[in-house]
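The values are calculated or read from the model by the stated rules, or taken from the named source; none is laboratory data. Note that this is a predicted model, so its numbers are computed, not measured. Cβ: placed from backbone, ideal geometry, glycine included. Neighbour counts: every protein chain shown.
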Amino acid sequence: MQTYFHSVTLDRDKCKGCTTCIKQCPTEAIRVRNGKARIIKERCIDCGQCIRVCPHRAKKAVCDSFDRLKNYKYTVALPAPSLYGQFHNLNDIGIILTGLTKIGFDDVFEVARAAEIISDMTRKYMTEKSNIKRPVISSACPACVRLIKKRFPELVGNVLPHAAPVDLAAMMAREQAVSKTGFLPSEIGVFFITPCPAKMTETISPVGLEKAPMDGAFSMTEVYIKLVGAMKDIKEPEIQATSGLIGIGWSISGGEGAALLNEKYLSVDGIENVIKVLEDIEDDKLNEVDFIELNACTQGCVGGCLTIENPYVAKTRVRRLMKYLPVSRNKANFDGIGEGLSWEHELEYTPVWQLDDNVQGALAKMQEINQLLKELPGLDCGSCGAPSCRAFAEDIVLGRAKEDDCIFQMRERMQYMAGTGDADEYLPPPFRNSKEGEDT
């Protein structure tokens, strides 16, 4: 089974075993055992949903430390355009870009520039390729791409085989820095300012590329805290924005799709909505759509769990900044960059739900799971530490749980052992059988 670095991790000291996270995980990658949550790594897509919902802040995203800047002779910041929506009363993006040089970076390269180039290339791809599978699905959100890899094998061929904007931005930034300084590429540190853990994972284990073109990533929350103070002293920005409304618009849901200048697109945000739309595509319900933009986070990247501002407020701020910008300032042939845009290898399905390497063995286990489901209550209460009765049955068959882990199965055993005894009193109130005279 292929493995890769995960940004989302668990702080066991903070975890209370409350089971809040298991219901929210889109790939059923979390179980609670012995009072602590456990992440099934091969299923995790680093979407950050568990980070959002954990009431004890036991889930966290591992990002780089600013101390890593000391390892390079020259450093470049790659600000995601969602960073621009985190500040109120901002009317000049150049203030943020200049602020980044005040907190430790030597230079700045906007990810929005690369986004405009990819938009241009995607328009050409959509018009020149007649044999592509439609609808074409955006590859910009790594969490959504990994979701498709693991849960929707029939749609792997629909994913746009282009690098994410941050990957292209890193390639361009390093080439520009080498030309400017004369340093070796290895002496230049290129760091992304990420709004989400999925893109932190992308800096270590990129989709479609053999090696990540950037050297690391910093949490947008940490960068924001440093920037707030630095920006107060900036009267006139030293660095001007080099992207237009198309590139900055990628930070909000609908921005990438609108950049195609084609009305036959669909923009979806929120991981639950993404799953529903992908299921509709599998069922051939969206044949009238040419392109689908997917964002695991609510309202797009401005809703990433490593951002500061409410995603709806941030989206409004981004739109206000876009109002007076030119449509686009970058094209696909910018500085001769373009060949680094395509993936180096095709996207492949990762069978993380495979029950057995042998077909007959898998069928036998499936029958066993279905039989267990008939015996389970079907309430999906989560008391067993699994997100659903079906997931619990699967855990039993795969040796990850025991039937007695279900409180209802345990009740029946207790009643059997006690003869005429009533074990309902040991169940939580919502699951007790109603008694005569009680409200029903």
field: Residues satisfying the stated conditions in the range 66-103, i.e. free of Cβ contacts under 8 Å to residues at least 60 places away in the same chain and in a loop (DSSP other than H, G, I, E, B)
entry: Asn89
task: From Leu321, Leu261, Leu325, grab the single residue that is surrounded by fewer than 17 Cβ atoms within 10 Å (Cβ to Cβ), more than 29 Å from Cys50 (Cα to Cα), among the hydrophobic types (A, V, I, L, M, F, W, C) and in contact (Cβ under 8 Å) with a residue 40 or more places away in the chain.
output: Leu261
- request: Could you tell me whether Leu168 is at pLDDT below 95, under 25 Å from Asp92 (Cα atoms) and assigned by TED's automatic domain parsing to the domain that holds Glu288?
  value: yes
- request: Considering only the range 8-25, state which residues are surrounded by fewer than 19 Cβ atoms within 10 Å (Cβ to Cβ), among the β-branched types (Val, Ile, Thr) and in a strand (DSSP E or B).
  value: Thr9
- request: Take the range 31-49 and flag every residue that is in a loop (DSSP other than H, G, I, E, B), more than 15 Å from Ala296 (Cβ to Cβ) and in contact with a strand residue (DSSP E or B) (Cβ under 8 Å, 6 or more places away or on another chain).
  value: Ile40
query: Do we find that Glu28 is within 24 Å of Gln299 (Cα to Cα), of a type in the set (Asp, Glu) and part of a loop (DSSP other than H, G, I, E, B) in this structure?
result: yes
query: Is one or more of the residues making up the range 142-157 closer than 30 Å to Asp107 by Cα and not assigned by TED's automatic domain parsing to the domain that holds Lys41?
result: yes
Of all residues in the range 115-132 being aliphatic (A, V, I, L, M) and in contact (Cβ under 8 Å) with a residue 60 or more places away in the chain, the one that is surrounded by the fewest Cβ atoms within 10 Å (Cβ to Cβ): Met126
task: Scan the range 76-96 and give yes if some residue there is farther than 30 Å from Gly189 by Cβ, in contact with a His (Cβ under 8 Å, 6 or more places away or on another chain) and surrounded by fewer than 22 Cβ atoms within 10 Å (Cβ to Cβ), otherwise no.
output: no
task: Would you confirm whether any residue within the range 205-216 is touching a Lys or Arg at 6+ places or on another chain (Cβ under 9 Å), surrounded by 17 or more Cβ atoms within 10 Å (Cβ to Cβ), in a strand (DSSP E or B) and of a type outside the set (Val, Ile, Thr)?
output: yes
- request: Kindly indicate whether Ala217 is under 15 Å from the mean Cα position of the chain (by Cα), at pLDDT 95 or above, among the aliphatic types (A, V, I, L, M) and over 28 Å from Pro135 (Cβ atoms).
  value: yes
query: In the range 264-305, what count of residues is obtained for those that are touching a residue at least 24 places away in the same chain (Cβ under 8 Å) and either under 20 Å from Gly249 (Cβ atoms) or β-branched (Val, Ile, Thr) (or both)?
result: 27
message: Looking at Ile93, Ile22 in this structure, which one is closer than 19 Å to Leu147 by Cα and over 16 Å from the mean Cα position of the chain (by Cα)?
response: Ile22
query: How many residues are within 27 Å of Cys305 (Cβ to Cβ) and either touching a Leu at 6+ places or on another chain (Cβ under 7 Å) or in a helix (DSSP H, G or I) (or both) when one looks only at the range 172-203?
result: 15
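Could you identify the single residue in Leu306, Leu347, Leu294 that is surrounded by 13 or more Cβ atoms within 10 Å (Cβ to Cβ), at pLDDT below 95 and among the hydrophobic types (A, V, I, L, M, F, W, C)?
Leu347
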query: Only one of Thr298, Thr316 is in the same structural domain as Lys226 (by TED's automatic domain parsing), of a type in the set (S, T, N, Q) and assigned to a loop (DSSP other than H, G, I, E, B); which?
result: Thr298
task: Inspect all residues belonging to the range 65-72 and state whether any of them is modelled with pLDDT of 95 or more and either among the aliphatic types (A, V, I, L, M) or at positive phi (or both).
output: yes
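Considering every residue within the range 351-367, establish whether at least one is closer than 30 Å to Tyr125 by Cα, among the aromatic types (Phe, Trp, Tyr), modelled with pLDDT of 70 or more and part of a loop (DSSP other than H, G, I, E, B).
Looking through the range 351-367, none of the residues is closer than 30 Å to Tyr125 by Cα, among the aromatic types (Phe, Trp, Tyr), modelled with pLDDT of 70 or more and part of a loop (DSSP other than H, G, I, E, B).
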